[in-house]
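Written out below as structure tokens is the structure these notes cover.
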Amino acid sequence: MAAAWQDVVRDAAAVREAAAVAVDAALLAGVLMRTGEQPNASDVVNYAPFTLLPSAVPRALFEQAYAVQQDFNLLVDAVSQNREFLEQTLASTIKVDDFTARLFRIYKQVLEEGLAQTVFLGINRSDYMFDCGLEGTAALRQIEINTIAASFGGLTSRTADVHRLVLKVLGKSEEASQLLPNNPAKGLALGIAKAWELYGSQRAVVMFLVEEVQRNIFDQRCIENELWNRNIRVVRKRFRDVFEQGSLDASRRLYMDGQEVAVVYYREGYVPQVYDEQNWEARLLLERSRAVKCPDIATQLAGTKKVQQELSRQGTLEKLLPGHPEAIARIRATFAGLYSLDEGEEGDRIAATAIADPDRFVLKPQREGGGNNLYGEELRDVLEKIKDSPERTSYILMDKIKPQPALNYLLRAHSPLQVSECISELGIFGVYVRQGRELVLNQAAGHLLRTKAIEHADGGVAAGVAVLDTPFLV
């Protein structure tokens, strides 16, 4: 916790008053989620979980994360266009990971048929922690890059206002004025609007591809409303709607219910559980279409953990981004240690090292959505089981990052108000649009800070572990 909050964090009466104000402010500002009991109904809602106080973030690391985001946009786009790199990198993974293999089959099928899509839209979020390591000097370390359904750009656009009010209530008006403006919803909508415009049909709609269970609808509505404000029509559909109502014409234009679709913005489709045979067919139909997919399947594959690990290998960035030495240096400066578990001597050695000292590492499968990583004894048990099996190639190993904990209050509906030791994760949203070979938009679009109690090793806000936060730069 920043020294600025030390005087209030232990003042029980001040904290109780501030928490009551904070909850009402969150409801007023629209920092909302549907309830677990009624996840598809908006007539009963509650505030999304958030911290009582903004969390201290080192200014230099915050600025470093923003400065490298356009480079990461460039890199993700380059990976998505490099068939040879994706084929080589994922060769071992697709033998043992059915989900990645299924995505890869669609990717190859669409390429062999010839891409109908000419405009490409990337919305990603690069996530970092502040590693204090042995020396105690904090360093920015990338956890992962999310290339599909990167969430909370909407709700985090509204969270800073709540924290501003809380600080004022606690007598800290000057600190309140130092909280940065932040509106990822606007930045993400700008990218979608640009892709819609380049698609070139005023009548065409933007389709949000959404989950069957939609607790986090208000986060999406923030972006949706920005598009309506630009007079861009938005429809919300699920995979099964695409299967039942979707069709392509002779030019491979996508139609839903007779409406042409310009952009498909995925907020679904990143975990195996959502796909049955009908949904795989729907995904193939979408990928074959001319519509701008965000992400297209190549960009989803570019976000796999195996690609992340391969990017850290010496010489890989130079091949993917020739002529960009400064960008490569900025990207590489954020990498944590990443290790391959492919079959062979190198993989054997890394697996043995992790089994001997599991607390040094995180074991990551090729999955998005939080709550999938393995730590400590669980990591050791899984690696012991699969160390001599090809199955281990569906994972990568990463150095465990050791951030400095700080005290805060995590406000959750129906939970007691108590102080917790917490750690934070900073995400920077990036958006880019490419038409043919030309990058027409490339920018950072805002930030997301999520904070959780130190007893939780893994999991984000949607997974019910982390809560929304606001950075206070120190």
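Hey, among E421, E425, which residue is open to solvent by 20 Å² or more (accessible area, probe 1.4 Å), of a type outside the set (A, V, I, L, M), part of a strand (DSSP E or B) and in contact with an Asp or Glu (Cβ under 6 Å, 6 or more places away or on another chain)?
After applying the criteria, what remains is E425.
Please go through the stretch 337-368 and pick out each residue that is under 30 Å from V467 (Cβ atoms) and open to solvent by 50 Å² or more (accessible area, probe 1.4 Å).
D359, R360, R367
Report yes if T147 is among the polar types (S, T, N, Q), crowded, with 22+ Cβ neighbours inside 10 Å, at pLDDT 95 or above and under 23 Å from L311 (Cβ atoms), otherwise no. Full working, then the answer.
On the way: among the polar types (S, T, N, Q): yes; crowded, with 22+ Cβ neighbours inside 10 Å: yes; at pLDDT 95 or above: yes; under 23 Å from L311 (Cβ atoms): yes.
Judged against the criteria, T147 is a match.
Suppose we keep only residues that are of a type in the set (S, T, Y) and either farther than 19 Å from T147 by Cα or free of Cβ contacts under 8 Å to residues at least 60 places away in the same chain (or both) within the stretch 305-336. Which one would you say is least open to solvent (accessible area, probe 1.4 Å)?
Here is the first cut: in the stretch 305-336, the residues of a type in the set (S, T, Y) are 312, 316, 334.
Going one step further and asking which of them are either farther than 19 Å from T147 by Cα or free of Cβ contacts under 8 Å to residues at least 60 places away in the same chain (or both), we end up with 312, 316.
Details: S312: 30, T316: 15 Å².
Filtering first and then ranking leaves T316.
Is it true that V440 is open to solvent by less than 40 Å² (accessible area, probe 1.4 Å), outside any loop (DSSP other than H, G, I, E, B), modelled with pLDDT of 95 or more and more than 29 Å from R10 (Cβ to Cβ)?
Working: open to solvent by less than 40 Å² (accessible area, probe 1.4 Å): no; outside any loop (DSSP other than H, G, I, E, B): yes; modelled with pLDDT of 95 or more: yes; more than 29 Å from R10 (Cβ to Cβ): yes.
So V440 fails the test.
What are the residues in the stretch 239-258 that are exposed (fewer than 15 other Cβ atoms within 10 Å of the Cβ) and out of contact with any helix residue (DSSP H, G or I) (no Cβ under 6 Å at 6 or more places or on another chain), if any? Break it down stepwise before answering.
Step one: list which residues in the stretch 239-258 are exposed (fewer than 15 other Cβ atoms within 10 Å of the Cβ), which gives 240, 244-245, 247, 249-251, 257-258.
Residues satisfying the conditions are R240, E244, Q245, S247, D249, A250, S251, G258.
Any chance the stretch 122-133 includes a residue that's farther than 29 Å from A406 by Cβ, surrounded by fewer than 22 Cβ atoms within 10 Å (Cβ to Cβ) and touching a residue at least 60 places away in the same chain (Cβ under 8 Å)?
First, pick out the residues of the stretch 122-133 that are farther than 29 Å from A406 by Cβ: 122-123.
With surrounded by fewer than 22 Cβ atoms within 10 Å (Cβ to Cβ) added as a condition, the list becomes none.
Within the stretch 122-133, none of the residues are farther than 29 Å from A406 by Cβ, surrounded by fewer than 22 Cβ atoms within 10 Å (Cβ to Cβ) and touching a residue at least 60 places away in the same chain (Cβ under 8 Å).
Just checking, which of Q6, Q64 is surrounded by fewer than 20 Cβ atoms within 10 Å (Cβ to Cβ), of a type in the set (S, T, N, Q), at pLDDT 95 or above and assigned to a helix (DSSP H, G or I)?
On the way: Q6 fails: at pLDDT 95 or above.
Within the list Q6, Q64, the selection yields Q64.
Just one of the numbered conditions (1) within 20 Å of the chain's Cα centre (by Cα); (2) open to solvent by less than 40 Å² (accessible area, probe 1.4 Å); (3) on the phi < 0 side of the Ramachandran plot is not true of G269; which one?
(3)
The values are calculated or read from the model by the stated rules, or taken from the named source; none is laboratory data. If you're wondering where the values come from, they're calculated on a predicted model, not measured in any experiment. Using ideal geometry, Cβ is built from the backbone for each residue, glycine included, and neighbour counts are taken over all protein chains shown. SASA here: full protein model, heavy atoms, side chains in, ligands and nucleic acids out. Shrake-Rupley method; radii C 1.70, N 1.55, O 1.52, S 1.80 Å.
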